[in-house]
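Notes for the one structure printed next.
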Amino acid sequence: MNHNSPKYKVTKNVAKDLAEFLAQSSYSSVFLLVDENTFQYCYQLIENVLPKQCHLIRIQSGESEKTLETVHKIWDVLFAHHADRKSLLINLGGGVISDMGGFAAATFKRGISFINIPTTLLAQVDAALGGKTGVNYGKLKNQIGVMQSPEIVLVSSEFLATLDTRQIFNGFAEMLKHAFIADATHLDELFEIAEKMDKNPKQTELLQSAIEKSIQIKSHVVEQDFNETSLRKNLNFGHTFGHAFESFFKETDNPLLHGEAVAQGIICELFLSNKILGLNFGLVTEYSRKILEIYVKISIDESDFEMLTEYMKHDKKNVSNVIKTSLLSHIGHAVPNCNVSELEIREALLFLNKLSK
Ligand SMILES: NC(=O)c1ccc[n+]([C@@H]2O[C@H](COP(=O)([O-])OP(=O)(O)OC[C@H]3O[C@@H](n4cnc5c(N)ncnc54)[C@H](O)[C@@H]3O)[C@@H](O)[C@H]2O)c1
Ligand SMILES: [Zn+2]
């Protein structure tokens, strides 16, 4: 399989496109992976076009289920129904399903075909694309996995109607990230959409063309650097601080969703983009304020700065203990591997606190 050409299709009729995909292929058997929510809300949209002998694999939803034990259960069903090298696994769900189903398929009998039908916004614009699959190892996220691309990713905003608003804005943060690193015009379009959705959060159809644009940006980056030697690191913009916020707030009464933490991380990394790469400071404050119109304002006690810095020191992107991150030289242009000092981290956190007052 050519790793460098992730195939996706953005559609308004996922059943039709799935039917076409299945008609053009000749799999010996078909398996469908769901969790209880995607079984309840998403299965009905594709049920009629699945082969009669399609085997359902049902797992529990949630990040805590993203383990090797659950993968074992998936393999058990594949073995029980005699899946072979010509079988297909369809992953219908959010990022947990596509990460884990992709891993289960990529390792079963050294690899069977799989396709992703992402049903959360976060999975549609991010998790289901790009070939990263895997599971968590204890508390450590995504430590066990392989790179393997799905045969196709079918993306439809039809699924978003049953997602709650918080989940929509969770994925929206990754869309903002894509625009910040690659497309200033698209970024302004996204803030206009956010404003309209703020008035009526159920207007998910507004997102359809923006989703396509966002997928194009991610796919283009992945095509150029599948193995993340340089350019692909730019997809981590906002994530050095974002992951630290996510870990820090996990231990509190108000845990943040991943995208919510990344949104705050983007603000800190915009600030550093000014300090380190000279990004216009007026733009830093303008976009930071726009982000805070969408997401909750957080403030971090100065006594916790050290703990946040510790989290950042354990980031996978660091080299020889130096904190490395991707920053922006301009809105729409990112630069990987920028060194950040502990003093700069402190200044960025103070900036976030000041804006969040
Ligand atoms: N592989 C990658 O490149 C990559 C990138 C980003 C994130 N991820 C991974 O993705 C995961 C997060 O993905 P997520 O936010 O989609 O989480 P998720 O899969 O846990 O989905 C969130 C919740 O929404 C429910 N749900 C899914 N679709 C629904 C629908 N249409 N209607 C109603 N409910 C629905 C799910 O059952 C779940 O309870 C994390 O494990 C993260 O590590 C992977
Ligand atoms: Zn992310």
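With respect to the conditions (1) under 21 Å from Phe226 (Cβ atoms); (2) more than 11 Å from ligand 1 (Cβ to nearest atom); (3) among the hydrophobic types (A, V, I, L, M, F, W, C), Met147 falls short on a single one, namely (2). The set of residues from region 313-346 being loosely packed, with under 15 Cβ neighbours inside 10 Å and either assigned to a helix (DSSP H, G or I) or basic (Lys, Arg) (or both) comprises Lys313, Lys316, Glu342, Leu343.
If Asp84 passes every condition in (1) more than 8 Å from ligand 1 (Cβ to nearest atom); (2) within 26 Å of Leu163 (Cα to Cα) but one, which one does it miss? If we test Asp84 against (1) more than 8 Å from ligand 1 (Cβ to nearest atom); (2) within 26 Å of Leu163 (Cα to Cα), just (2) comes out false.
Residues in region 94-114 that are touching a Leu at 6+ places or on another chain (Cβ under 7 Å) and within 23 Å of Ser156 (Cβ to Cβ) were compared, and the one that is surrounded by the fewest Cβ atoms within 10 Å (Cβ to Cβ) is Ser113. Scanning region 168-215 for residues that are within 16 Å of ligand 2 (Cβ to nearest atom), surrounded by fewer than 22 Cβ atoms within 10 Å (Cβ to Cβ) and charged (D, E, K, R) yields a total of 0.
Among helices (runs of 4 or more DSSP H) entirely within region 43-160, having at least 2 residues that are among the charged types (D, E, K, R) and farther than 22 Å from Glu223 by Cα singles out 68-80. Of all residues in region 122-144, those that are more than 9 Å from ligand 1 (Cβ to nearest atom) and either assigned by TED's automatic domain parsing to the domain that holds Tyr311 or not aliphatic (A, V, I, L, M) (or both) total 4. Only a single item in (1) within 13 Å of ligand 2 (Cβ to nearest atom); (2) in contact with a Gly (Cβ under 8 Å, 6 or more places away or on another chain) is not met by Phe237, and it is number (2).
Within the set Pro201, Pro255, the sole residue that is within 15 Å of ligand 1 (Cβ to nearest atom) and over 27 Å from Met312 (Cα atoms) turns out to be Pro201. Just one of the numbered conditions (1) under 28 Å from Lys132 (Cβ atoms); (2) of a type outside the set (A, V, I, L, M, F, W, C); (3) touching a residue at least 24 places away in the same chain (Cβ under 8 Å) is not true of Ser299: (1).
The values are calculated or read from the model by the stated rules, or taken from the named source; none is laboratory data. Bear in mind the structure is a predicted one, so any value in this text is a computation, not a measurement. No Cβ is skipped: glycine too gets one built from the backbone with ideal geometry, and neighbour counts run over all protein chains shown.
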